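Presented below is the structure to which this report refers.
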Amino acid sequence: MGEAHNHRDSGHGTPSHNHAAGSNARSLSIALAITGSFLVAELVGSFVFNSLALLSDAAHMFTDAAALAIALVAIKVGQRPADRRRTYGYRRFEILAASFNALLLFVVAGYVLWEGINRLIDPQPVGSLGMLVVASLGLLANLVAMRLLTGGKESSLNVKGAYLEVWADMLGSIGVIGAAALIYLTKANWIDPIVAIAIGLWVLPRTWTLLKDTTHILLQGVPSSMNLDDIRRAVNDIGGVESTHDLHVWSVAGDDASLTAHVVLAAGAEPFATRHAIAEMLEKKFGIHHSTIQAEATPCGDEDALHA
């Protein structure tokens, strides 16, 4: 009986999305400039003062800079319009970038944990005062970068990934400052690798959450804010709908939702009016602006437990 397509203001290339992307790009550019500058200072300081904790913080700041750079590129690429080969455009590039950031942070945390264990076995002298000054500057850079990224982290997983890395590095900087003060007061150099290991362990759960979220989107899972059973019931409650099957809901970039479904019409139901009612309900109740509904007189194929 045909299909109905609803894609009113779906978010793909709309003015509001472009405005948000432009704002995020500006914030990311400034944060990248600040983070990149202090990254150099921390790297130099870690070698001059022989601090693994400072190197750990520098490593995290490197991933911050990489995350910010990748996020910035992802936004620029994501704004490119759809074409005949990529009908959804390039917005999913942002999710790929966020996944890469998470994997990169796993690698860095693994290195810091390994080196931290070696330093516990063989403690090395640390220049605590220089370590304290550099870590304090790093903390200032993190706080400024976090402030810049706060506005975009709820609307973009890509920006959220960059924000989480800066946030984790901010905590790391606090840890390094505390370690530097303790080492200066007690001369206990083993504190340095302990703090480095703690920083690595602290960031891993948050990195796992980001990787899990991005993987879910790449696997075209149902958006976390939506319940498939609730959507199915709402569709079945529309007048003229007898049942729903082959229901799929997914997201392209984490801040949108698309839906396809086959609905079996009750006897005498008017296909066009029923499809229009379903699309309107999906938009108002669930915020699904891009839906494709196929109306059928009888179910096509077998209906399993998921698609019944």
| remark: re segment 156-308: pairs of Cα atoms spaced beyond 29 Å account for a percent value of 44
| message | Projecting each Cα onto the charge dipole of segment 15-218 (Lys/Arg +1, Asp/Glu -1 at the beta carbon, about the Cα centre), which of Ile177, Ala65, Gln124 comes out farthest on the positive side? | response | Ala65
| said: Springs between alpha-carbon pairs under 10 angstrom, Gaussian network model over the chain: which of His289, His245, His216 fluctuates most? | reply: His245
| Amide H partners (placed H, <5 Å) of Ile288, local residues excluded | Glu283
| note | Cβ density ranking, 10 Å radius, fewest first, applied to Met131, Met226 yields Met226, Met131
| What is the set of long-range amide H partners of Val241 at a cut-off below 5 Å, with H atoms built 1.01 Å from backbone N? | Ala266
| message | In segment 15-218, if the dipole is taken from +1 on Lys/Arg beta carbons and -1 on Asp/Glu beta carbons about the Cα centre, which of Val134, Ala25, Leu43 is farthest to the positive end? | response | Ala25
| task | Between Asn101, Asn142, Asn118, find the one with the highest GNM mean-square fluctuation for the chain; connect C-alpha pairs within less than 10 Å. | result | Asn118
| task | List, in order, the whole-Hz ³J(HN,Hα) value for each residue of segment 32-42 obtained from phi through the Karplus relation with A = 6.51, B = -1.76, C = 1.60 and θ = phi - 60°; use x for Gly and Pro. | result | 5, 4, 5, 5, x, 5, 6, 4, 4, 4, 5
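For segment 42-125, calculate the relative contact order in percent as a whole number, restricting contacts to Cα pairs under 8 Å that are 6 or more residues apart.
After rounding, I find 26 percent.
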| note | quick shape note, the chain: Cα extents on principal axes in Å, largest first -> 85, 38, 30
| request: May I ask you to derive the relative contact order of segment 223-296, considering only C-alpha pairs under 8 Å and at least 6 residues apart, and to give it as an integer percent? | output: 32
| field | Overall dimensions of segment 25-111 as given by Cα atoms, namely Rg and Dmax in Å | value | 15.9, 56
| Among Leu137, Leu68, Leu28: highest mean-square fluctuation, GNM of the chain, C-alpha pairs under 10 Å | Leu137
| remark: Which residues qualify? For Gln79, with a placed amide H closer than 5 Å and at least 5 residues away or on another chain, they are none
| query | Applying the Karplus parametrisation 6.51 cos²θ - 1.76 cosθ + 1.60 with θ = phi - 60° to the phi angles of segment 235-251, what ³J(HN,Hα) value in whole Hz is obtained for each residue in order, glycine and proline being reported as x? | reply | 5, 5, 7, 5, x, x, 9, 8, 7, 10, 8, 6, 8, 10, 10, 8, 10
| Rounded to 5, the percent of DSSP beta bridges in the chain classed as antiparallel | 65
| field | Additional length obtainable on full extension of the chain from Thr87 to Ala33, 0.36 nm per residue less Cα span | value | 16.0 nm
| task | Just grab the label-to-label distance for Val77 and Ala297, each label 7 Å out from Cα along the Cβ direction, in nm (one decimal). | result | 4.9
| Across segment 80-86, in residue order, what do the Karplus-derived ³J(HN,Hα) couplings come to in whole Hz, using 6.51 cos²θ - 1.76 cosθ + 1.60 with θ = phi - 60° and x for Gly and Pro? | 5, x, 5, 9, 5, 8, 10
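Coordinate-derived values only; no laboratory data. Worth saying up front: this structure is predicted, and the values here are computed from it rather than measured. As a convention, Cβ positions derive from the backbone with ideal geometry for all residues, glycine included, and neighbour counts pool all protein chains shown.
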